[in-house]
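Structure, as structure tokens:
Every number in this text was worked out from the coordinates using simple rules, so none of it is lab data. Since the structure is predicted, the reported quantities are computational estimates derived from the model, not experimental observations. Counting neighbours? That spans all protein chains shown, and the Cβs are built from the backbone with ideal geometry, glycine included.
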Amino acid sequence: MDIKQLHYFMAAVECASLNKAAERLYTSQPNVSRVIHSLEEELGNPIFLRSAKGIILSSFGEQLSYYAKNILKNVEHMQELSIDEKQKKLNIASYPSGMLSNNLAKFYNEHREENLHIDYKEGTTEQILDYISQGIVRIGVVEIAKQQLAPFRRILQNKRLEFTMLRSGRFCLYVGKEHPLYERASVPFDTLKDLEFVQENEDYFTSLSYMGKFSSGALEYKDLKHRVHTDSDHCMMHMLRETKLCCLGVDFFSKKMAREMEIHAVAIEGCGSGILLGYVHKQNQEMEEMEKLYLENLGSFLQESHKSLLFFFIYALIYAFTCF
């Protein structure tokens, strides 16, 4: 049995006609018949039932088509691997983040002349860890609540993964130009009870329900007025830009990026550093050239954001003290 026989067989299945299969394969109908007949002889069973109306699969042929389809798909993947090896690859996954996707686009522009191919996926922390352990991606960028570090580390150990922290962040409020708080530097925690929110679906490891632990206020996350829930960062950005909804997040945006995306981070008074941002990979994994460049770029970008936001939060504290 060879791949050619399976190609001819599946063409006949999909066309339901040997003549049409021959046209698709750029060959003659007798040649298609001959190849399929040789496959039937090799397997010792009829694949098609022939009649004046054409051909239909026998029960054996139906079973065979399932396996033949999978074999051809795997052959296609193997051929793609050969092509991929000639490219500089970056296979990464991340939590939904306009900040990270925006930075990734800039990274691509810097390296587009180097035959770079990027495979970028988004998901929850648990999905990202699965992607890495299954070999679907090699690097995963994640946010982790400090309270969840213990169970997170247990999963890393079980899956033989490693986590490298890049920086920590504070909880803040993100608003667009339509929002009345757009010009504010900071707000008291209790202000949140009067606001309406668009929020991402909760992630066990980064759940904002832990925010209450960093605040002196009595308001709990579950009591906030959530008007829209989404797992789409694209939807989130549009909601913030075009409505008076706001969202709770972490202060990883730089001032420059906030201006570009027309989103403003408002400090929440009384909230400390509660989220860690970093990347996960397999234990003892040797990073490829493009992966090293990306992680260096991401680290520099986050440090730049941190310096920018450090100035912002010092200003917010001064503002809050003055108002008090």
Once you have the Cα-Cα distance between N109 and Q127, take 0.36 nm times their residue separation minus that, and quote the gain in nm to one decimal.
-> 3.7 nm
Mind listing the long-range amide H neighbours of D203? Cut-off is under 5 Å, sequence gap 5 or more, other chains count too, H placed in the peptide plane at 1.01 Å from N.
-> L208
Added length on full extension, which subtracts the Cα-Cα distance from 0.36 nm per residue, T164 to M78 = 27.7 nm
Can you sort I275, I71 so the residue with the fewest Cβ neighbours within 10 Å comes first?
-> I71, I275
Can you tell me how much longer the chain between S101 and E296 gets when fully stretched, taken as 0.36 nm per residue apart minus their C-alpha distance, in nm with one decimal?
-> 68.6 nm
Interchain or sequence-distant (5+) residues whose placed amide H lies within less than 5 Å of the amide H of S186 are A267
Using R₀ = 35 Å, calculate the FRET efficiency as 1/(1 + (r/R₀)^6) where r is the Cβ-Cβ separation of S232 and R24; round to 0.05.
-> 0.35
Spelling it out for H117: with amide H atoms placed in the peptide plane at 1.01 Å from N, the residues 5 or more places away or on another chain with amide H under 5 Å from its amide H are K88, K89, L90
Phi to ³J(HN,Hα) by Karplus 6.51 cos²θ - 1.76 cosθ + 1.60 over region 121-135, Hz, x for Gly, Pro | 10, 10, x, 6, 4, 5, 5, 4, 5, 5, 4, 6, 5, 8, x
In Å, what is the Rg of the alpha-carbon atoms in region 1-69, and how long is Dmax?
-> 10.7, 29
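List the pairs from K193/K222; K177/K222; K89/K282 whose alpha-carbon separation is above 21 Å, in the order I gave them. Please list the in-between numbers first.
Numbers: K193/K222 10 Å; K177/K222 26 Å; K89/K282 17 Å.
Correct reply: K177/K222.
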Grab the beta carbon distance between F60 and Q134, set R0 = 35 Å, and tell me the FRET efficiency rounded to 0.05.
-> 0.55
